[in-house]
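Only one structure is covered here, and it is reproduced in the block below.
Please treat every number below as a calculation from the coordinates, not as lab data. Computed from a predicted structure; not experimentally measured. Here the Cβ positions follow ideal geometry from the backbone for every residue, glycine too, while neighbour counts run over all protein chains shown.
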Amino acid sequence: MNDLAGKVAVVTGGGRGIGAATAQKLAGLGAAVAVVDLAETVVAKEISKSGGRAIAVSCDVTDPDAVDSMVDTVADEFGSVDILVNNAGIIRDDLLFKMSVENWDAVISTHLRGGFLCAKAAQRYMVEQKWGRIVNLSSTSALGSRGQANYSAAKAGIQGFTKTLAVELGRYGITANAVAPGFIETEMTRSVAERTGIDFDVMKAAAEKEIAVRRVGRPEDVANVIAFLAGEESSYVTGQIIYVSGSAD
Ligand SMILES: NC(=O)c1ccc[n+]([C@@H]2O[C@H](COP(=O)([O-])OP(=O)(O)OC[C@H]3O[C@@H](n4cnc5c(N)ncnc54)[C@H](O)[C@@H]3O)[C@@H](O)[C@H]2O)c1
């Protein structure tokens, strides 16, 4: 299913969590993968060790020059850029009355400016070759989430951004879709537990009661959907937001 042999994928925030699982999944399907993160991690080495093709590229996705040079480095190394997964993200939660301007700007910038810069840089190659797949990470928080005015605005913004990319780029054989995960067990959700002083297992148990399939998500649950959207078999799916939350909403 969904053979990605010969394809080249860029996964931002690929150093851990959902990004790492996605990099592993795409590499397992045959893609050459650029694991892009603020600092180099073991993910690319692990993929290479298990017989896949991967490089680690350090890049801050909010820096325009760094993003352009990251995408060119990937194209030089692997010959093209076919798949972009805009996954890099941060949270800086606070209730509205306490939220600092810095924390508003940091979250909006990482998700929206970062996704914009990476898509703009990658489409140079995708348009030229008349094939591309862009998958952006939204969230169930896009629908409103206490303490996350910055993050929910960013994740809702990503949905509009995704639909516009679909409208503009479809004629060039490029699809753009978003996945919107619910509660996925990663360092990001673990950090919420730590910050709020709640035991992570207690937090997960409480969340599970509200989730239809009665478990929290694993990074692989999201990676599986991204892999579908990254392949040939999803060529007639674009501008969609797919919730990966184990629930009906
Ligand atoms: N974990 C969840 O429950 C959940 C739910 C919905 C959406 N998401 C989204 O999925 C994505 C991945 O989340 P995760 O839980 O794996 O997070 P994570 O914190 O475990 O990993 C995020 C990665 O992004 C990298 N990153 C942050 N800022 C960057 C920047 N400026 N440039 C390059 N890399 C940067 C980090 O270094 C880190 O490796 C994020 O966009 C997040 O908002 C997560």
Any aspartates and glutamates whose Cα falls less than 19 Å from that of Lys209, other than same-chain ones fewer than 8 residues away, would be Glu185, Asp199, Asp201, Asp221, Asp249
With Cα coordinates, the longest principal axis of the chain makes an angle with the long axis of helix 149-169, in degrees rounded to 10, of 30 degrees
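Report the local net charge at Ser109: Lys and Arg +1, Asp and Glu -1, summed over other residues whose C-beta lies under 12 Å from its C-beta.
Net local charge, Ser109 excluded: -2.
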Spelling it out for Val57: with amide H atoms placed in the peptide plane at 1.01 Å from N, the residues 5 or more places away or on another chain with amide H under 5 Å from its amide H are Val35, Val36, Asp37
GNM on the chain, Cα springs under 10 Å; top mean-square fluctuation among Gly182, Gly51, Gly13 goes to Gly51
Residue-ordered couplings for region 47-55, obtained by feeding phi - 60° into the Karplus form 6.51 cos²θ - 1.76 cosθ + 1.60 and rounding to whole Hz (Gly and Pro as x), are 5, 4, 4, 8, x, x, 10, 7, 10
Rounded to the nearest 10 degrees, the helix 17-28 long axis (Cα) sits at an angle to the longest Cα principal axis of the chain of 30 degrees
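Full extension from Glu194 to Arg124: what is 0.36 nm times the residue separation minus their Cα-Cα distance, to one decimal in nm? Walk me through the intermediate numbers first.
Details: separation 70, 0.36 × 70 = 25.20 nm, distance 4.12 nm.
Contour length minus the Cα-Cα distance gives 21.1 nm.
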Tilt, helix 187-196 to longest principal axis of the chain (alpha-carbon atoms), in degrees rounded to tens, equals 20 degrees
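Pull out the extension gain between Ala248 and Thr73, defined as 0.36 nm times the separation in residues minus the alpha carbon to alpha carbon distance; nm, one decimal. Display every interim value, and only then the final one.
Numbers: separation 175, 0.36 × 175 = 63.00 nm, distance 4.07 nm.
Answer, rounded to one decimal: 58.9 nm.
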With x for Gly and Pro, the residue-by-residue ³J(HN,Hα) of region 60-66, computed from phi through the Karplus equation 6.51 cos²θ - 1.76 cosθ + 1.60 at θ = phi - 60° and given in whole Hz, is 8, 5, 8, 9, x, 5, 5
Restricting to lysines and to Cα separations under 29 Å from Lys7, and discarding same-chain partners fewer than 8 apart, the set is Lys25, Lys45, Lys49, Lys120, Lys130, Lys155, Lys163
With only helices counted (DSSP H, runs n ≥ 4, each -39500 (n - 2.57)), the per-residue ellipticity at 222 nm for the chain, to the nearest 500, works out to -14000 deg cm²/dmol
Between Arg214 and Ala106, the two model label points (7 Å from Cα along the beta-carbon direction) sit apart by a distance in nm of 3.9 nm
Within the set Ile158, Ile198, Ile90, GNM on the chain using Cα springs under 10 Å gives the largest fluctuation to Ile198
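Relative contact order for the chain: what is it in percent, counting Cα pairs under 8 Å that are at least 6 residues apart? Walk me through the intermediate numbers first.
Numbers: 522 pairs, mean separation 48.4, N = 249.
Computed over the chain, the figure is 19 percent.
Taking square-rooted eigenvalues a ≥ b ≥ c of the alpha carbon gyration tensor, is region 8-81 rounded, prolate or oblate, where a/c under 1.5 means rounded and, failing that, a/b exceeding b/c means prolate? Each step should come with its number before you reach the end.
Working: a/c = 1.99, a/b = 1.33, b/c = 1.49.
Because a/c hits 1.5 or more and a/b fails to exceed b/c, region 8-81 counts as oblate.
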Residues of region 69-86 with backbone N under 14 Å of the label point set 7 Å from the Cα of Val237 along Cα→Cβ are none
Taking only C-alpha positions in the chain, Rg and Dmax in angstrom work out to 17.2, 51
Whole-Hz Karplus couplings 3J(HN,Hα) for region 212-226, θ = phi - 60° and coefficients 6.51, -1.76, 1.60, Gly and Pro as x, run 4, 7, 6, 7, 7, x, 10, x, 5, 4, 6, 4, 5, 6, 4
